[in-house]
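I have placed the structure first, in the form of structure tokens, so that the comments after it can refer back to it.
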Amino acid sequence: MADETSEQGPVTTLATPIRLDFEFTPGIAQSKFLRGLERGEFLGQRCGTCGKVYVPSRGTCPTDGVLTTEDVLLGNSGTVTTFCVVNVPFAGQSIEIPYICAQILLDGANLSFMGLIQEIPTDQIRMGMRVEAVWVDESELIPSLASVRYFRPNGEPDADYETYKEYL
Amino acid sequence: MSAAGRTVRPVSIASFAQSRSVRRDNERNEAEGLHPVIAEVFGNIGITKDDVDFICSGSTDYLIGGPFSFVMALDAIGVWPPRSESHVEMDGAWAMYEAWVLLQEGEIDAALVYSFGRSSLGDLNEILTLQLDPYYEAPLWPDIVSLSALQARALIDSGKATEADFAAIASRSRRDALGNPNAQVAKDVPVEVLLEDDYVVAPLRRHTLPPITDGAAAIVLAAGDKATQWSERPVWITGFDHRMETHSLGARDLTSSPSVTKAAEVAGVADGKIDIAELHTPFAHQEVIVKEALGLDDSVVINPSGGPLAANPLMSAGLIRIGEAASRIRAGQADRAVAHATSGPCLQQNLVCVLEGA
């Protein structure tokens, strides 16, 4: 046996497939945000201590550690704070490359989130670009960011760097 | 003060808070669930996050199924300006050990320790399989109830305990839990009725298993002037140690716990009379093993809170044992107590903490 083992060499790989399923508890604040998406609107929350508006809010202010309880309805437009152009294919990719992935700061919010930018050639994206959300049809709205198809330029002049430099 | 684990610098448990233990918290996320616990643990002694020098937490992402859940949980505290913070993928009792070591070094005077356990979001039996040896044991998916049943069977065969003993432990625990407003399972059911339960995995009947629990807990540790300023009756940690046994279940005698015995020796459990013991023994039979390994006699009141058979929020249940023991000393119901925490399959890793009133 020993000879046979040494001829075959050491075992270097062992596949032990693992799959676990979990339920998700978004929480009180994030549930409000998700229900807002179901209505086609962005709902954030303001910290009563520092005044910052988080969208989505996770229920507490990560700076002050207090519960955020004031709901704030935000508009449909925002500013691209930073972006990248994705040229690399990867497993599970659902969007045709190249495409633009951007951090978007909604007007009135103090927290940017990631969004897809469409309806613009990839070489024309820039920091400060004003964009607006394009939602799925009303009948297809669900409590998920999938309700936002993408963001596109809204035609306004670029935002002044000073207005978003804190959010890069 | 000769043994390595004996306290060199006195450290007190200045405050303790815990959430209610529930089968499932459907409403709140981790930060929202922790927030009131953190607020209470600070509020009890009138301090804020600015009064602690270090934060340490115990939790595991495997329970929630999301990466960096321990970082998200920090939102419950608000770690700005940047704080000195650490995390262990262990029960919060081990997070408390890390904070205690830092306090021993004398660089800090106060620490916040917290833990949160969301046992309800996945199949706990399957999740716990992943703590096993990944090559030879985990691929077989032996669930934690079956592994614990192997241990219970070995214990019965050794002559150290019977199924009626297990039922007596479960009956006592859940009866005691009637006095614990945070407990999840509290009821007075006599042994003979419990013994009519069906087996889940023989020889374990339903009542010998811990409930599946969501819950959170927090403790503030203090040394130096803060220890006496923050408590009229400080509860001192006089011994603290943790030990582990081999990963391989087949290499262990599952009916004894040399790691508990060693930790108890280093922590000085036998140096004085123990009034109460809060033991993190999620399966009823494990109380028999840990009680023997700690060298406790029948005069010691075990798990007056109801223990983990009444509420077992994974990752928090050990820290809660320490908090419950400290609360009883602070209330004057005990002078000296031992708290125990466990992690891993069949009591693989164990922590022992000895507490004394002023």
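For region B:131-145, the set of residues classified as surrounded by fewer than 17 Cβ atoms within 10 Å (Cβ to Cβ) and either polar (S, T, N, Q) or part of a helix (DSSP H, G or I) (or both) consists of B:Ala138, B:Pro139, B:Leu140, listed by residue number. Among the residues making up region A:110-121, those that are under 15 Å from A:Thr82 (Cβ atoms) and not aromatic (Phe, Trp, Tyr) are A:Leu111, A:Ser112, A:Met114, A:Gly115, A:Leu116, A:Ile117. When B:Val41, B:Val71, B:Val37 are checked against the criterion of being aliphatic (A, V, I, L, M) and closer than 29 Å to B:Met244 by Cα, a single residue qualifies: B:Val71.
Can you tell me which residue is nearest to the other protein chains (Cβ to nearest Cβ) among those in region B:104-130 that are closer than 20 Å to B:Ile320 by Cβ and in a loop (DSSP other than H, G, I, E, B)? This residue is B:Leu121.
Could you list, in sequence order, all residues of region B:262-282 that are assigned to a loop (DSSP other than H, G, I, E, B) and within 22 Å of B:Ala152 (Cα to Cα)? Once the filter is applied, which keeps residues that are assigned to a loop (DSSP other than H, G, I, E, B) and within 22 Å of B:Ala152 (Cα to Cα), region B:262-282 yields B:Leu279, B:His280, B:Thr281, B:Pro282. Residue count for region B:229-261 satisfying the condition of being among the basic types (Lys, Arg), crowded, with 19+ Cβ neighbours inside 10 Å and not in a strand (DSSP E or B): 1. Might you check whether a residue that is basic (Lys, Arg) and in contact with a Gly (Cβ under 8 Å, 6 or more places away or on another chain) occurs anywhere in region A:130-145? The answer is yes; a qualifying residue exists. For B:His285, the conditions (1) touching a helix residue (DSSP H, G or I) at 6+ places or on another chain (Cβ under 8 Å); (2) under 29 Å from B:Tyr136 (Cβ atoms); (3) assigned to a loop (DSSP other than H, G, I, E, B) all hold with the exception of (3).
If the condition is being under 21 Å from the mean Cα position of the chain (by Cα) and either more than 15 Å from B:Ala14 (Cα to Cα) or facing another protein chain (nearest Cβ under 10 Å) (or both), then region B:44-73 contributes B:Cys56, B:Ser57, B:Gly58, B:Ser59, B:Thr60, B:Asp61, B:Tyr62, B:Leu63, B:Ile64, B:Ser69, B:Phe70, B:Ala73. For region B:293-318, a residue qualifies if it is aliphatic (A, V, I, L, M) and over 18 Å from B:Leu124 (Cβ atoms), and the qualifying residues are B:Ala293, B:Leu294, B:Leu296, B:Val300, B:Val301, B:Ile302. Looking at region A:1-100, none of the strands (runs of 3 or more DSSP E) lying wholly inside it contains 2 or more residues that are among the hydrophobic types (A, V, I, L, M, F, W, C), within 14 Å of chain B (Cβ to nearest Cβ) and over 30 Å from B:Leu121 (Cα atoms). Any residue in region B:81-96 that is touching a Lys or Arg at 6+ places or on another chain (Cβ under 8 Å), surrounded by fewer than 19 Cβ atoms within 10 Å (Cβ to Cβ) and either at negative phi or at the interface with another protein chain (Cβ under 10 Å from one of its Cβ atoms) (or both)? There is at least one residue in region B:81-96 that is touching a Lys or Arg at 6+ places or on another chain (Cβ under 8 Å), surrounded by fewer than 19 Cβ atoms within 10 Å (Cβ to Cβ) and either at negative phi or at the interface with another protein chain (Cβ under 10 Å from one of its Cβ atoms) (or both).
Residue-level check: of (1) touching a residue at least 12 places away in the same chain (Cβ under 8 Å); (2) out of contact with any Leu (no Cβ under 7 Å at 6 or more places or on another chain), A:Cys101 misses just (2).
Using the structure shown, decide if B:Ala170 is over 30 Å from B:Trp230 (Cα atoms), in contact with a helix residue (DSSP H, G or I) (Cβ under 8 Å, 6 or more places away or on another chain) and loosely packed, with under 14 Cβ neighbours inside 10 Å. Taking the combined requirement at face value, the residue does not satisfy it.
Which one is farthest from B:Ser119 (Cα to Cα), of the residues in region B:18-29 that are surrounded by 22 or more Cβ atoms within 10 Å (Cβ to Cβ) and more than 8 Å from every other protein chain (Cβ to nearest Cβ)? Ranking the qualifying residues of region B:18-29, first place goes to B:Gln18. Scanning region A:101-145 for residues that are of a type in the set (Asp, Glu) and in a loop (DSSP other than H, G, I, E, B) yields A:Asp107, A:Glu119, A:Asp137. Determine whether B:Asp188 is acidic (Asp, Glu), away from every other protein chain (no Cβ under 14 Å) and within 25 Å of the chain's Cα centre (by Cα). Here the answer is yes, as B:Asp188 does meet what is asked.
Where a number appears in this text, it was derived from the coordinates with a stated rule and is not lab data. Owing to the predicted nature of the structure, the values given are computational and were not obtained by experimental measurement. Note that each Cβ is placed from the backbone with ideal geometry, even for glycine, and that neighbours are counted across all protein chains shown.
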